[in-house]
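The structure under discussion appears below in the form of structure tokens.
What follows is calculated from the coordinates using simple rules that are stated; it is not laboratory data. Small disclaimer: the values here were computed from a predicted structure and weren't measured. Positions of Cβ are generated from backbone atoms using ideal geometry, with glycine treated the same way; all protein chains shown enter the neighbour counts.
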Amino acid sequence: MNKSKEKIDIDLYKDLRIDCRKCFGFCCVALYFSAFEGFPSDKEAGKPCSNLNEDFSCKIHKNLRSKGLKGCTSYDCFGAGQKVAQTTYTGKSWRDNPESAKKMFDAFLVIKQLHEMQWYLTDALNKSSDKDIKPRISALMDETKEMTMLREDSLRTLDLESHRDRVNLLLKKTSKEVRSTLLKGRENNLKQKRRVAGRLDLIGAELKKTNLRGADLSGALLMAADLRNNELNCTDLIGADLRDADLRGADLTNTIYITQAQINTAKGDLSTKLPAHIVRPSYWTD
Ligand code: SF4
């Protein structure tokens, strides 16, 4: 049996899922965003969204989708918000300490990147069966987690770029291992090779009947692509842009490196099969 088909350890993703009740609305304050990207207005980083309540809830939470605010419904911080709120700043908010607000927002941006790396490493650990690589992934996961526990002054001095390089190396190795185990020398039948800024251009592509098993679609532009009923077994989707990609009836249970934010931006329904660590968006109905 392909090892990647084995049961994955869901608990490892526990701290990497958003829990807005434990956060201080960091994504609604710390980030720059624009109306063009599906947010309520153009906003500078560090300025609270006008819809953010005093208790950090959103005034229009129930109506975000009907108002077309896809940026808000898609965003996912990999659980960085609650980590910064509850661990780094031990429950003290930027409203309580306005003088520390900028430092808190900077810490959020660093921890978000570290949690994202942890997410991918978790996926790699769950999928790899390489006896040499698995312990290296595990060690790097521990190291990354330790970094998220640092105080704000130490967070600022981290060399995130070189850490990311080390993470990417293991992610690539694992993707190759998992895909080649499945393919056993065979190829998928994806014909499109055209690239835009280095990314595979599959915008609006008709891929319903294309065999994408074991395909490397990392970074691919898949906006509005038709992937209905496709089985994306061991398909590497790291960094792929799935905005409005049609995933109805598709099977993503065994994709590599899929994230909640990617799923939130795509179109799916109750027939879309998702990995156990991904939550089905509430607006994916029949
Ligand atoms: S509309 Fe709501 S969810 Fe979106 S940024 Fe503003 S407060 Fe946050």
Give me the distance between the Cα centres of the range 128-164 and the range 213-260, rounded to whole Å.
-> 27 Å
Full extension between Lys145 and Ile203 adds, at 0.36 nm per residue less the Cα distance, a length in nm of 17.3 nm
Mind listing the phi-derived Karplus ³J(HN,Hα) values for the range 20-28, rounded to whole Hz, using 6.51, -1.76 and 1.60 with θ = phi - 60°, and x for any glycine or proline?
-> 4, 5, 9, 9, 10, x, 4, 5, 8
Pairs Lys92/Lys112; Lys92/Lys267; Lys43/Lys83; Lys102/Lys173: which are spaced more than 26 Å apart, C-alpha to C-alpha?
-> Lys92/Lys267; Lys102/Lys173
State, as an integer percentage, the relative contact order of the range 62-156 based on alpha-carbon contacts under 8 Å between residues 6 or more apart.
-> 29 percent
Cα-projected label distance for Asp251 with Glu54, points at 7 Å along beta-carbon direction, nm | 5.3 nm
Straight distance only, please: which lysines reach the Cα of Lys191 with their own Cα at less than 18 Å, same-chain residues fewer than 8 apart left out?
-> Lys208, Lys209
J(HN,Hα) series, the range 265-272, from Karplus relation 6.51 cos²θ - 1.76 cosθ + 1.60, nearest Hz, glycine and proline x = 8, 8, 9, x, 8, 5, 8, 6
Hey, quick one: spin label on Ser282, modelled 7 Å out along Cα-Cβ, who in the range 18-60 has an amide N within reach, i.e. under 12 Å?
-> 58, 60
Using packing as a proxy for protection, rank 9-21, 165-177 so that the peptide with the highest average count of other Cβ atoms within 10 Å comes first.
-> 165-177, 9-21
Report the relative contact order of the range 188-286, percent, no decimals, based on alpha-carbon pairs under 8 angstrom and at least 6 residues apart.
-> 20 percent
So, with +1 on the Cβ of K and R and -1 on the Cβ of D and E, and no other charges, what is the size of the charge dipole of the chain about its Cα centre, to the nearest 20 debye?
-> 680 debye
What relative contact order, as a whole-number percentage, does the chain give when Cα pairs under 8 Å and 6 or more residues apart are counted?
-> 14 percent
Among Ala245, Pro275, Ala197 the positive-end extreme of the charge dipole of the range 188-286 (Cβ point charges) | Ala197
